[in-house]
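What follows is calculated from the coordinates using simple rules that are stated; it is not laboratory data. Since the structure is predicted, the reported quantities are computational estimates derived from the model, not experimental observations. Ideal geometry is used to build each Cβ from the backbone, glycine not excepted, and the neighbour counts take in all protein chains shown.
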Amino acid sequence: MTSDSDSSGSSDVTEAQPDTSLIAGRYRLHSMIGRGGTGAVWRAEDRQLARPVAIKQIVTSEHRSMRSRARALREGQAVAHLRTPGVVQVYDVIDVGPYVYLVMELVNAPSLSQLVRRRGPLEPVDAAVAGRSILSTLRAIHRAGVVHRDVKPSNILVDGDSLRLTDFGIALFGDGPMLTAVGSVLGTPAYMSPEQARGHRPGPAADLYGLGATLYFAVEGRAPFAENGSWETTQAVRSRPHRPAERLGPLGPIVEALLAKDPDQRPAGDEADAALLAVMGIAPPPARPPAAAAPIAAVASAAGASPADDEHRQTRRLVLWGVLLLALLAVALGLLFLAVREQPASAPALAAVVPRAIYHGRGVIWPGSPGCNRSTRCERSSSPARSSRRC
């Protein structure tokens, strides 16, 4: 994870120093990656698992320690519920003394802010590609009930072909509290939505505003608002128009729509995605086609059908089923008749396989018995003491 030094309007971070001892008996800080409004980010090592990690060190002032700790814990909880590759993962939350540490996935990649400052602004088409990647992540976290509240170039890491969203320090999770002191505003003034600047509870539309401001920066090389000081910038975000764009080109309409002051006037996620695809020269996937219309003649025929016609069709179906059943019955009877005709010829063979005892007069004829033949009568004594038989 990397971070820039954009101010977020929070004064929770007063000082951050490397700790040469192990944190929680397993993590060691090495070098600072960056500093943000809610903490300093360090490159560190997990000695237990022998892997590099990023650790966000939040220094809490005495009078705001409870709120800062609650916000840090909520950041870990919010990210732990997210299962999308576009979010930098949080592994652990540690509360030690005046510090709260968030142990995170280490992403060795520059932020979008750093990339633009080093290489210059993006072309509108390239910015549209990046915008779709960011938008996909935002839609995923919104479905999980999370509002980031601080979408800006320095919180977007360009990791090869993918973009990763980081720093959920002031995110809202579900219907949870905003954890904001009375009279204070959290967020980066140049990128926060007008409703945030007014102190209202933001929804997903606030993150789409941040996406619009980020796309503006990516192509123009500057933020849409850059007044002298955070207070002046916040006032401009509330009620004044942003600086005119010079390079947006085909990206202009969707960026202007995303930067609308009224959150209800901003496009929804699917509309924004279709607009970005159009900038890329790709037609959006077609909507689900309606059912094919029946021919006009068929429709007219069905519309003019009477109850008598319906009854006639039903009767015809019953007749057809009756004919079919009669044909099957005739075939079955024919097979049964053939089987009965052939039965006498096969009887001797059956008798040879399964012998039968036939009672005859005073004795029993045993066909196939040793020493007997079919014309000989074998008599068995009726006395229990005599079990032999004679022929």
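Only Cα sites of segment 27-104 enter the Debye sum here, all with the same form factor; the resulting log10 I(q)/I(0) across q = 0.14 1/Å is -0.45, listed in q order. Each residue in Phe337, Phe225, Phe168 was given a count of other beta-carbon atoms within 10 angstrom of its own, and listing them fewest first yields Phe337, Phe225, Phe168.
Residue exposure proxy: Met32, Met104, ordered by other Cβ atoms within 10 angstrom of their Cβ from fewest to most, comes out as Met32, Met104. Protection proxy ranking for 197-205, 125-133, using the average of other Cβ atoms within 10 Å per residue and placing the highest first: 125-133, 197-205.
When a/c is below 1.5 the answer is rounded, else prolate if a/b is larger than b/c, else oblate, so apply that to segment 65-137 with a ≥ b ≥ c taken from the square roots of the Cα gyration tensor eigenvalues. Prolate, since a/c reaches 1.5 and a/b exceeds b/c.
Listed from fewest to most Cβ neighbours within 10 Å, the set Glu123, Glu195, Glu75 follows the order Glu123, Glu195, Glu75.
Were the residues from Glu271 through Ala80 laid out at 0.36 nm apart, the gain over their Cα-Cα distance would be 65.9 nm. Classification of segment 186-256 by its C-alpha gyration tensor yields an oblate form. The axis ratio a/c (a ≥ b ≥ c) is 1.5 or more, and b/c is at least a/b.
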